[in-house]
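Here's the structure we're looking at; comments come further down.
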Amino acid sequence: MRTALLIGLTLVACGGCHSSSQSNLSARLTDALSPIMQQKSAQWKESAIGLTLYSPNRNLTLNLAVGVSDRATGAAPTPNTRYLFGSATKMFTATDVLRLVEQGALQLTQTVLPLVDKSLAILNQTSMLALGFDPAVKDMTIDQLLSMRSGLYDLPEQLRDWQTAAPTHDFGPVELLSLTNKKLACTPGSCGVYSDVNYILLGLILMGAQNRTTWEAVHQNSSIPTDLNMSSTEFVKHGVLGSFAHASNGYQPDGTDVMGLSAAGGWTCGNLLSNTHDLAKFIYALYGDGQCQVVQCNTVASMLWFQVLSPYFPVWYGKGTMAIDKDFWGHGGATYGFYSLSGYNPYLDFSYVLVTNMETQVFQENLFDIHTPLYSTIKDMLNSTTMDL
């Protein structure tokens, strides 16, 4: 398989000597990062690797793409290639809900059962209790869903097998809830368990708050500032991955490709399709120093109040936000055929999105093997630069 390197650079004019220095920084970053990406792509079966580094105070936008986006055709990724980002969707779902909290339409302490049941009744004339959920769900709050402290179990691991058996089937929220474990790992609020089900329930709350009559009609982009112009970004409700323009193929741990699989990804917990550039802009607008373009600054601060979750998946989690490292927060992503890391470094003021189109037998083994030298190199180089403040 061939490996290709395609580079997209966007440099915002900064005037005088800064223009030259920032151009030089972009070139030096490209020279440093490209060989790492090429070597890691070759190491991991020529997998596609997409990266965006975004630092407006340095007038820097760097888009890099290497590898093979489709093994059958040998096609190479470009900065316009779109990938499935899985749980990075949760940043959008969380901010959609938190904007409604800011507006007074919802409250963090509000119990979710009446809100969820309103939508379930419209969709399938059912309710959480009728679906078999533990009666303790009546005490569950919006805050507990956002922070993964509801006690709900995650979606079943067999879902991959069921999707493979019916590749074009788009699983909707009622079906996903009916398939999941209805028991609770703990009393709501007393433990932290990473669970996609929390964010499916938040989607149903959004459905009611937006007065929608179908789950497909829920707007998942209401928190995106209009001036970001995220034209590549969409939230898939129906359709296989191959039906979407500029979509990369992805590969499961056994090497099976996902072009013919549904890209719906669990709806509001995991259906984001985007290129790396647009996602990096959103992350900076959300978490960037003094930005507060997506939600208010005090809301951002509440999203960053991290607590460790259970040993099953012991990440530090806030509201729709992971502490991926002590100097990097945002969200990881893992969905059929793709792994990703998307976040912001507050000390060096940059957002960074990394994605690869290959899953491994050991969960995210390749992702962190790729990420570690890239992220370290970026920090070392940006530590020695100045910003236009």
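Of everything in region 35-66, what is assigned to a helix (DSSP H, G or I), of a type outside the set (A, V, I, L, M, F, W, C) and either under 14 Å from Ala280 (Cα atoms) or open to solvent by 10 Å² or more (accessible area, probe 1.4 Å) (or both)? Give them in sequence order.
Answer for region 35-66, where residues must be assigned to a helix (DSSP H, G or I), of a type outside the set (A, V, I, L, M, F, W, C) and either under 14 Å from Ala280 (Cα atoms) or open to solvent by 10 Å² or more (accessible area, probe 1.4 Å) (or both): Pro35, Gln38, Gln39, Lys40, Gln43, Pro56, Asn57.
Can Asp154 be described as within 22 Å of Gly320 (Cβ to Cβ) and either open to solvent by 10 Å² or more (accessible area, probe 1.4 Å) or modelled with pLDDT under 95 (or both)?
Yes; evaluated as a whole, the condition is true for this residue.
Considering only residues of region 121-138 that are touching a Leu at 6+ places or on another chain (Cβ under 7 Å) and not β-branched (Val, Ile, Thr), which is surrounded by the fewest Cβ atoms within 10 Å (Cβ to Cβ)?
Checking each candidate, the answer is Pro135.
All but one of (1) surrounded by 16 or more Cβ atoms within 10 Å (Cβ to Cβ); (2) closer than 17 Å to Met358 by Cβ hold for Trp215; state the number of the condition that does not hold.
Condition not satisfied by Trp215: (2).
For Leu279, which of the numbered conditions (1) open to solvent by less than 20 Å² (accessible area, probe 1.4 Å); (2) of a type outside the set (Val, Ile, Thr); (3) within 29 Å of Gly151 (Cβ to Cβ); (4) touching a residue at least 60 places away in the same chain (Cβ under 8 Å) fails to hold?
(3)
Considering only region 227-255, how many residues are surrounded by 14 or more Cβ atoms within 10 Å (Cβ to Cβ), among the acidic types (Asp, Glu) and part of a helix (DSSP H, G or I)?
Qualifying residue count, region 227-255: 0.
So for region 175-191 (the condition being in contact (Cβ under 8 Å) with a residue 40 or more places away in the chain, assigned to a helix (DSSP H, G or I) and not polar (S, T, N, Q)), does at least one residue qualify?
Within region 175-191, one or more residues are in contact (Cβ under 8 Å) with a residue 40 or more places away in the chain, assigned to a helix (DSSP H, G or I) and not polar (S, T, N, Q).
So for region 340-350 (the condition being within 22 Å of Ser150 (Cβ to Cβ), open to solvent by 10 Å² or more (accessible area, probe 1.4 Å), of a type outside the set (S, T, N, Q) and touching a residue at least 12 places away in the same chain (Cβ under 8 Å)), does at least one residue qualify?
no
Could you tell me whether region 67-79 includes any residue that is farther than 24 Å from Phe363 by Cα, assigned to a loop (DSSP other than H, G, I, E, B) and touching a helix residue (DSSP H, G or I) at 6+ places or on another chain (Cβ under 8 Å)?
Within region 67-79, one or more residues are farther than 24 Å from Phe363 by Cα, assigned to a loop (DSSP other than H, G, I, E, B) and touching a helix residue (DSSP H, G or I) at 6+ places or on another chain (Cβ under 8 Å).
Kindly provide the set of residues from region 335-389 that are assigned to a loop (DSSP other than H, G, I, E, B) and closer than 18 Å to Gln252 by Cβ, ordered by number.
Tyr336, Gly337, Asn357, Glu359, Thr360, Gln361, Val362, Phe363, Gln364
Give the residues of region 256-265 that are buried (at least 23 other Cβ atoms within 10 Å of the Cβ) and either on the phi > 0 side of the Ramachandran plot or not small (Gly, Ala, Ser) (or both), sorted by residue number.
If the condition is that a residue be buried (at least 23 other Cβ atoms within 10 Å of the Cβ) and either on the phi > 0 side of the Ramachandran plot or not small (Gly, Ala, Ser) (or both), then Val258, Leu261, Gly265 are the ones that fit.
I'd like to know if region 323-330 contains one or more residues that are touching a residue at least 12 places away in the same chain (Cβ under 8 Å) and assigned to a loop (DSSP other than H, G, I, E, B).
Yes: region 323-330 contains one or more residues that are touching a residue at least 12 places away in the same chain (Cβ under 8 Å) and assigned to a loop (DSSP other than H, G, I, E, B).
So which residues in region 328-339 are within 22 Å of Trp305 (Cβ to Cβ), over 10 Å from the mean Cα position of the chain (by Cα) and either among the basic types (Lys, Arg) or crowded, with 24+ Cβ neighbours inside 10 Å (or both)?
none
Condition (residue is in a strand (DSSP E or B), touching a Leu at 6+ places or on another chain (Cβ under 8 Å) and without any contact (Cβ under 8 Å) to a residue 24 or more places away in the chain) applied to region 304-322: is it met by at least one residue?
Yes, there is a match, as at least one residue in region 304-322 is in a strand (DSSP E or B), touching a Leu at 6+ places or on another chain (Cβ under 8 Å) and without any contact (Cβ under 8 Å) to a residue 24 or more places away in the chain.
Collect the residues in region 351-389 that are touching a strand residue (DSSP E or B) at 6+ places or on another chain (Cβ under 6 Å) and open to solvent by 10 Å² or more (accessible area, probe 1.4 Å), keeping them in residue-number order.
Met358, Gln364, His371
The values are calculated or read from the model by the stated rules, or taken from the named source; none is laboratory data. Keep in mind it's a predicted model, so treat the numbers as computed, not measured. Cβ sites come from the backbone with ideal geometry, for glycine too, and all protein chains shown count toward neighbours. Protein only, heavy atoms only, side chains kept; ligands, DNA and RNA dropped before computing areas. Shrake-Rupley method; radii C 1.70, N 1.55, O 1.52, S 1.80 Å.
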